[in-house]
């Protein structure tokens with residue numbers, strides 16, 4: 001049995017570790033606080049990738065993936081093509 005990855009859980013873990021690392025570096029290295037800003041930016045980027053990008057690429061979210069949309073479009077085209085046998089008098093602007 002193949003299970004989809006739980007991108008939400010992975011994202012929460014990654015963002016939590018990124019935020020903790022940013023806070024620790026912020027207080028531990030006061031002369032180089034820009035490093036904590038970089039870690040914070042990486043945590044925000046992780047949240048975006050794990051929350052939006054990866055679930056849509058793998059199709060594990062509620063939103064349909066690109067391949068699902070293409071398949072649904074092809075099925076609709078096949079269904080409309082099968083109806084053409086009954087109506088031979090279609091005009092160009094008929095849908």
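Coordinate-derived values only; no laboratory data. From a predicted model like this one, the values you see are computed outputs, not experimental measurements. Glycine gets a Cβ as well: all are built from the backbone with ideal geometry, and neighbour counts include every protein chain shown.
Can you give the convex hull volume of the alpha carbon atoms of region 7-83 per residue, in Å³?
63
Could you line up 49, 13 from fewest to most neighbouring Cβ atoms inside 10 Å?
Result, fewest neighbours first: 13, 49.
What's the exposure ranking of 34, 7, going from fewest to most Cβ atoms within 10 Å?
Starting with the residue having the fewest Cβ neighbours, the order is 34, 7.
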